[in-house]
Amino acid sequence: MKVNPRHHREPAVYTVTDAPRPMSEDIGHRQRRYLISMGVRTACFVGAVVAAVAGAPWWLALLMVVGALLLPYVAVVVANGGREPTASASFDDRAQREQKPDSGQRPEIGS
C-alpha cells in the first residue's frame, strides 16, 4: 500500500528562540529606559539653571527647560507602552508562517 504524501503530516517544531522575552526582563528593561530618561531630564533642569546663572543665551536655557518639561511625558508613555502584541498560538496555521529548519537536516539532492 502506497502512502499519499499529501496526507503525511510532519510534526510541528517549536524553538525556544521564538519565545517572547520574560515579563520580569521586559519590566526591568522599561524601568532602565525610564530611569535614563529621568536622568536626562534632571541634567536638562540643572543645565537650564546653570545656563541662566552663567549668562548663557536665553534660548539655550529655554530649550533645556522645555526638554525638562517634555521628557517626563515621553518617558511615561514609552515605559507604559508594554510589550509588543504577539499573535495568538494556532496549530493549523502552517501556511502563513515559515518553519525554521531543524539543525542537522539536509535537503536531499534529486537525480
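Read-outs: derived from the displayed coordinates by stated rules, not from any lab. Keep in mind that what you see is a predicted model, and the values were worked out from it rather than measured. All Cβ positions, even for glycine, are placed from backbone atoms using ideal geometry, and neighbour counts span all protein chains on display.
In plain terms, the C-alpha convex hull of region 38-81 casts an average shadow of 2.6 nm² when viewed from every direction.
The modelled label-to-label distance between Leu62 and Val78, using points 7 Å beyond Cα along the C-beta direction, is 2.6 nm.
Spin-label pair Ile36-Met23: with each label point 7 Å from Cα along the Cα-Cβ axis, the two points sit 2.5 nm from one another.
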